[in-house]
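Shown next, in structure tokens, is the structure this report addresses.
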Amino acid sequence: MRKTLPTLVSLAALAAIYHYLSPNLPSDVGNLLLTISSFLFAVFTGFFMARQGDRYSSIRQAIAEFDGNLTAIYRDFGHLSKELQDRAAGIIRRHYETVVKERAWDWHFVHKSDTITSLHGVLDGAAAIDTSSAVRGQAVEGVRSALDNLQVVRKNMIGLHVERIPLFQWTLILILAAVLLAAISSVPSSIFGSLLKGAFGTSVLLIIVLLRDFDGLKFFEGAIGMSSAQDILGILEGKK
């Protein structure tokens, strides 16, 4: 809904521009520019959108794995002692409260974070606990395994974080979009034709907006990772 009004404004503005401003280019030149720019724009935006779509899915999967490991750590500490579980809960709660407050899944990757290190410190406290029973021994191994996996997932998330469209490629896309919009204006048309050209031009702009949203991980409603963070906070509060 928040993009509906800007879209309608863009449609009306482009339709008016195309109706009153039509450069006198030879029809064969205009058609050639339109064909080439349309093809290149479709190829490049399609490639980048597919790549960023894969990145979006990979980040969602990595966040789910990271959050699942932290949940498992919290549960496993519960088999060792209430004190250790409470310490782990405080660390995990601080981690996700920051994520929710800043609405940034990558907050702990672009800023200094001691979440994993602090959880290792809590695990060290298990050395004073009798782990001869099968349940406690398995709980310690579960925490160790989850902490090791957190390191791997964290590295993967850092790699995915930096895989954004670079400035050079954005420049290429914007140049092709500008050529495409200019080529559309060279096609003679009536008032209805100007509306169609305005709709086509608006579609080009919306594709760029969608690509930007994919690149910034804002394609779907809500910030990525927020629902999972809220779920874990609910677990820590005993609501789930």
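Readers should treat all values here as calculations from the given coordinates under stated rules, not as data from a laboratory. These figures come from a predicted structure and were not determined experimentally. All Cβ positions, glycine included, derive from the backbone under ideal geometry; neighbour counts span all protein chains shown.
Listed values, structure above:
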| read-out | value |
| --- | --- |
| Size of electric dipole in the range 4-236: Cβ of Lys, Arg +1 and of Asp, Glu -1, about Cα centre, debye, nearest 20 | 320 |
| Highest-fluctuation residue, 113, 81, 190 considered, GNM on the chain with Cα pairs under 10 Å | 190 |
| Principal-axis tilt of helix 167-185 within the chain, Cα atoms, nearest 10 degrees | 30 |
| Mean Cα-pair separation over length for the chain, i.e. relative contact order, pairs under 8 Å, 6 or more apart, % | 43 |
| 0 to 90° range, to nearest 10: angle between helix 82-102 axis and the chain longest Cα axis | 10 |
| Low-density loop positions, chymotrypsin sites (Phe, Trp or Tyr not before Pro), the range 146-240 - DSSP coil, at most 11 other Cβ in 10 Å | 220 |
| Förster radius 30 Å - calculated FRET efficiency between residue 42 and residue 163 (Cβ-Cβ, nearest 0.05) | 0.85 |
| Most fluctuating residue given options 104, 13, 134, as computed from a GNM of the chain linking Cα atoms under 10 Å | 134 |
| Pairs of lysines in the chain (C-alpha under 17 Å apart; 8 or more residues apart or interchain) | 4 |
| Distant alpha-carbon pairs in the range 102-187 (separation over 20 angstrom), percent | 61 |
| Estimated D of the chain in µm² per second, where Rh is the Kirkwood radius over Cα pairs and Stokes-Einstein applies at 25 °C, 0.890 mPa s | 114 |
| Helix 191-215 vs. the chain, principal-axis angle (Cα, 0 to 90°, nearest 10) | 20 |
| Unit charges at the beta carbon, dipole of the chain: most positive-side option, 118, 107, 62 | 107 |
| Mean ellipticity per residue at 222 nm, deg cm²/dmol - from DSSP H runs of n ≥ 4 across the chain, formula -39500 (n - 2.57) | -27000 deg cm²/dmol |
| Most fluctuating residue given options 61, 138, 85, as computed from a GNM of the chain linking Cα atoms under 10 Å | 138 |
| Kirkwood hydrodynamic radius over Cα pairs of the range 107-147, then Stokes diffusion coefficient at 25 °C and 0.890 mPa s, in µm²/s | 214 |
